[in-house]
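The values are calculated or read from the model by the stated rules, or taken from the named source; none is laboratory data. As the structure is a computational prediction, the values presented were derived from the model and not from experiment. As a convention, Cβ positions derive from the backbone with ideal geometry for all residues, glycine included, and neighbour counts pool all protein chains shown. The accessibility values were calculated without ligands, DNA or RNA, using every heavy atom of the protein model including side chains. Shrake-Rupley method; radii C 1.70, N 1.55, O 1.52, S 1.80 Å.
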Amino acid sequence: FYIHLSIFTFLYLLSFAKFQICWPITWSTDGSFLWHLWHHIPMDNMNKTLAVHALITLALCYLPGVLAGWLQIYRGTKYSRFPAWLDNWLKMRKQLGLLMLFAASIHACLSVAYMSPTFQGIVYGDPVEASVHVMEGEGWGPKTESLNRTSVKVFGTEKMKWRGECFLMSGVFGFSLVVLLGITSLPSVTATLSWKEFAFVQSGLGWTAMIFLCAHDMFYGWPYMNSPSCGIPSGFQYALYIPFLTILLKLPLVVPPLSTHLARIRAGYVRAGRQKDSAKQEETV
């Protein structure tokens, strides 16, 4: 829990430094501090941080298993103990997964709660600009029509583009799979599954969920992916650092010959050099 909270705190402070300290200074045209950007601290900042946090935490659930696989290949046996840090990391994967589901659920709820063209323009298609007279007046008093025309954007005249549809569907599918992972981690559900069924859900569907959620990030943030601001990379970019590292390390392990070699090691095979070392140790003892 403390590791999970520390990651979230770091990501939130990074977003705060960018959105509420750097942008109000650099975006100002008259030298004044743009305090109105602080209005987004409670919800918009939180939602963006939770999105990055959930994706990174999901990757951290699968990265230790990948590192363990490479370590077993390097050692040529499954009978050698993992380092203490890796062993502890492997044991906390279930807790990290449940906390990731918690963060992803809040992100999904907040995204639906304030979904609008001003926040997620990609979902609403291209707007139509219209020149209109707006009603002016303060409070509950009478309103009068403005003398000058104002340009306004009208959304809803067109359906969303393919990028918007892919963004939404990849997010929905990814989140649904994560919920399924959380359900199957319950002891009462786990007890009804065979080992192959449990491994398929936790491994096969888990990796599929991470790929969907990486795609969810990329479909929305691709235009801003390589747009650092205030010396800080785009959130859409650094959210993918650990997931992409995890996927890149995993790919060789699922392709022959490494996949078959790792399967043999996990079935009990011990490399010849490792067997000789074990025999020498036994003779010494």
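Of note:
- Residue satisfying condition, being more than 22 Å from Leu258 (Cα to Cα) and of a type in the set (Ser, Thr, Tyr), within set Thr77, Thr49: Thr49
- Scanning the stretch 96-146 for residues that are closer than 16 Å to Leu50 by Cβ, in a loop (DSSP other than H, G, I, E, B) and open to solvent by less than 40 Å² (accessible area, probe 1.4 Å) returns Tyr114, Gln120.
- Answer residue from the stretch 49-93, given it is of a type in the set (Gly, Ala, Ser) and at negative phi and is surrounded by the fewest Cβ atoms within 10 Å (Cβ to Cβ) among those: Ala84
- Of the helices (runs of 4 or more DSSP H) entirely within the stretch 170-260, those holding at least 2 residues that are more than 13 Å from the chain's Cα centre (by Cα) and of a type in the set (Val, Ile, Thr) occupy 187-190.
- The stretch 57-84 residues that are more than 30 Å from Leu101 (Cβ to Cβ), paired with ones that are among the acidic types (Asp, Glu) and part of a helix (DSSP H, G or I) (beta carbon under 8 Å, 6 or more apart): Arg81/Asp87
- Single residue of the stretch 22-48 satisfying the filter (part of a loop (DSSP other than H, G, I, E, B) and aromatic (Phe, Trp, Tyr)) that is most open to solvent (accessible area, probe 1.4 Å): Trp27
- The set of residues from the stretch 13-42 being under 30 Å from Leu98 (Cβ atoms), touching a residue at least 24 places away in the same chain (Cβ under 8 Å) and either touching a Lys or Arg at 6+ places or on another chain (Cβ under 9 Å) or not aromatic (Phe, Trp, Tyr) (or both) comprises Leu14, Ser15, Ala17, Lys18, Phe19, Ile41.
- The set of residues in the stretch 181-223 that are hydroxyl-bearing (Ser, Thr, Tyr) and within 27 Å of Leu245 (Cα to Cα) comprises Thr184, Ser185, Ser203, Thr208, Tyr220.
- From the list Leu86, Leu67, Leu71, the one residue that fits, being of a type outside the set (Val, Ile, Thr) and either closer than 27 Å to His216 by Cβ or touching a Gly at 6+ places or on another chain (Cβ under 7 Å) (or both), is Leu67.
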